[in-house]
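The values are calculated or read from the model by the stated rules, or taken from the named source; none is laboratory data. These numbers come from a predicted model, not from an experiment. Cβ: placed from backbone, ideal geometry, glycine included. Neighbour counts: every protein chain shown.
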Amino acid sequence: MRYVKWTALALLVLFIASFLHYTLPQHDVVRIVGTNTQRMDLGENTWFFSAPDTGNAVTADGNRDVKFVEAIYPNGKPMVYRNEDTGWGWPPYLKVNSFDIQAQATDLTSTAAAPKWVLVTHYGWRSQLFTIFPNAVRLKQVEGPDVTVIPWFNIFFFLLVAGIVFMGVKMWMQFRERTIDPALDDMGEAWDGVEARAVAARKGARTNVGRFRAWLRGLGQ
């Protein structure tokens, strides 16, 4: 059972970590090399795209247009971002300016000879196997590829979560100290009293049985 418990706990931690890694904002410094719009035939990867009711054109069979931003990392590795509105859905970025971001990305397009470095704030993952793309939510031109990016939102988020967990643990400890532990002590004392009475009853029974046997032996003499 110990292995089952630790396996379940590890899976829970892995799920929470994956959820946060997908949802929380991430930052890339890239060079934008192109933008385009493609008709996507979505299947099992639909979960990793925005809902079709956020302004995207949708056909009867569920296909829709998706805007993309093509980029290159400073080390030459390619990256492709989708550019979709999130609307009021999840994650709660409230993004409704995908057309503006597409125009901004087109304006920031550059070549290797005259690069423009862009800080892309996004969420999600890139997987060639499942054809999923991170969603770009903000673009900002920066001076160079070595710019320092401090993830303030993530820092405050984890500090907030740590504070909530700390307060929850403190409240639970106080509740246990004030309510549960006294109740357990009372139950223990009550059980000890029951056991004491049971022991006394057994002793009394043995004494009475012994007296009865002695009386029987006296009658036989």
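Per-residue answers, yes or no, for (1) more than 16 Å from Asp28 (Cα to Cα); (2) modelled with pLDDT of 95 or more:
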position	(1), (2)
Arg64	yes, no
Val69	no, yes
Ile72	no, yes
Asn83	no, yes
Gly87	yes, no
Thr106	yes, yes
Exercise for review: Give region 34-53 a look and list any residue that's crowded, with 16+ Cβ neighbours inside 10 Å and in contact with an Asp or Glu (Cβ under 8 Å, 6 or more places away or on another chain), or say none.
Suggested key: Thr35, Met40, Phe49, Ser50
Exercise for review: Check whether at least one residue in region 118-131 is touching a helix residue (DSSP H, G or I) at 6+ places or on another chain (Cβ under 7 Å) and modelled with pLDDT under 95, and report yes or no.
Suggested key: yes
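Given the residues Gly144, Gly89, which is the only one that is within 25 Å of the chain's Cα centre (by Cα) and among the small types (Gly, Ala, Ser)? First the steps, then the outcome.
Values: Gly144 fails: within 25 Å of the chain's Cα centre (by Cα).
Sole residue among the options that is within 25 Å of the chain's Cα centre (by Cα) and among the small types (Gly, Ala, Ser): Gly89.
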Review point. Within region 77-164, which strands (runs of 3 or more DSSP E) (wholly inside it) include 2 or more residues that are in contact (Cβ under 8 Å) with a residue 60 or more places away in the chain?
Key: 117-123, 135-142
